[in-house]
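Report on one structure; see the data block that follows.
The values are calculated or read from the model by the stated rules, or taken from the named source; none is laboratory data. Keep in mind that this is a model prediction, so the values were computed, not measured. Here Cβ is always computed from backbone atoms with ideal geometry, including for glycine, and neighbour counts include all displayed protein chains. Ligands, DNA and RNA are excluded from the accessible area calculation, which covers all protein heavy atoms including side chains. Shrake-Rupley method; radii C 1.70, N 1.55, O 1.52, S 1.80 Å.
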Amino acid sequence: MNGTSSGSATLRAPAARRSFARPVALVGRSAAMNAIKAVASTVASRQCTVMILGETGAGKEMVARYIHAQSDRCDAPLIPVDCSALSDSLFESQMFGHVQGAFTGAVRESLGFVRAADGGTLFLDEVGELSLPLQAKLLRVIQERCVTPVGDTRPHQVDVRIVAATHRDLAAMVREGTFRQDLYFRLNVVVTTLPPLRERAEDIVPLANHFLQKQAELYDEPMRQLSMAAAGALQRHHWPGNVRELANAMESAHVLAQGDSIELSDLPVRLQSPQPATAETPELCLTELERRTIAEALRRTDFCKAKASRMLGINIQRLNRRIERLNISTRG
């Protein structure tokens, strides 16, 4: 049953990206990406909860969008929620909505993320960043499939498909007591892991061309082709920022290129010089790679957190939490 009454047409979802179905492609030809596509296509027609694992910027949201677009919920919205940005004090209002006058500043009713996704998909990005009290509230919604807006006493039934994503090791967090075991098992139904871009080199050039095509469409211009030198530089780069870093690099190259092709000189400076061999990198743990990536971003931005957060493609609150957790120096 949909809990939204006929008189609730004026209700609004909270300020967030509202995403309705449109053609979604998972670009890549590597064995890893083909396996991801197979799993995503299989689960799309089901109603089960899906957990997507992978490093920050690897493309987890695109996998979620692909699953949604292939499902019978594709005509309903997919609502992405950045769990790292949810505050404890506003969580219930943001997730469950509120009625007019429920608190100071509640000048109109709000659906909340969960009810905004009714009939569609709720994408919980970085679910591992939720505090334990917020995990308990989320668990109840997943179990009961109903929400009670702040200031209301009536529960509203919702029909949502849950897709969650995280770069964290939730099993380890359960053992450490920082993630609820019952929520872990609720989310850990179908699990798929998206490898970092550096481990699927075959996908780099197809993805680069995909982003160049999107830039061409945005500016209504012919698509620029990668020169051999530029393509080689892309394949040599380690991509600590994963697919998000590649997308930003291609946007920069398209904007700055003077000719019909993307030359080596059009790429960001960090991509133009050959990088030293990093044979030891595969043995590094994810935490160490994350520490090095954030430290390097801070160094390149003269330790300006705002610039570093933009370079890494994360908000500054999440960056601060990781700096604190990983004990990273913020002084040059």
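Under a Gaussian network description of the chain, with springs only between Cα atoms under 10 Å, the residue in Phe185, Phe113, Phe303 that fluctuates furthest is Phe185. Of the accessible area of the chain, with the probe set at 1.4 angstrom, what percent is carbon plus sulfur? C and S atoms contribute 51 percent here. For the chain, the residue among Ile316, Leu218, Leu256 whose Cα projects farthest onto the positive side of the dipole built from Cβ charges is Ile316. Excluding same-chain neighbours fewer than eight residues apart, the aspartates and glutamates reachable from Lys305 by a Cα-Cα span under 18 Å are Glu245, Glu290, Glu296, Glu324. Comparing Thr178, Thr49, Thr153 in a Gaussian network model of the chain where C-alpha atoms under 10 Å apart are linked, the largest mean-square fluctuation is found at Thr153.
By the gyration tensor of its Cα atoms, with a ≥ b ≥ c the square roots of the eigenvalues, what is the shape of region 150-213: rounded for a/c under 1.5, prolate for a/b over b/c, or oblate? It is oblate, given that a/c is not under 1.5 and a/b is not larger than b/c. When the Cα positions of Ser45, Ala64, Ile142 are compared along the charge dipole of region 25-145, Ser45 comes out farthest toward the positive end, with charges on each C-beta of Lys, Arg, Asp and Glu.
Taking the 0 to 90 degree range and rounding to the nearest ten, how far is the long axis of helix 316-326 tilted relative to the main principal axis of the chain, both from C-alpha atoms? That works out to roughly 80 degrees.
Counting only Cβ charges, +1 for Lys and Arg and -1 for Asp and Glu, the dipole size of region 145-261 around its Cα centre is about 520 debye. Per residue, the Cα convex hull of the chain amounts to 160 Å³. Once all protein chains are placed together, Lys60 keeps about 10 Å² accessible to a 1.4 angstrom probe.
Within the listed set Val63, Val191, Val81, the Gaussian network model of the chain (springs between alpha-carbon atoms below 10 Å) gives the highest mean-square fluctuation for Val191. Rolling a 1.4 angstrom probe over the protein heavy atoms with all chains in place gives the chain an accessible area of 50 Å² per residue. Over the C-alpha trace of region 64-178, radius of gyration and Dmax come out as 14.6, 43 angstrom. Angle of helix 286-300 to the longest C-alpha principal axis of the chain, folded into 0 to 90 degrees and rounded to 10: 70°. Helix 204-219: angle to the longest alpha-carbon principal axis of the chain, degrees 0 to 90, nearest 10? Orientation of helix 204-219: about 70 degrees from the principal axis. Extension gain, Val255 to Leu139, is 37.3 nm, computed as 0.36 nm per intervening residue step minus the present C-alpha separation. When peptides 237-245, 225-233 are ranked by their average number of other Cβ atoms within 10 Å per residue, the highest-first order is 237-245, 225-233.
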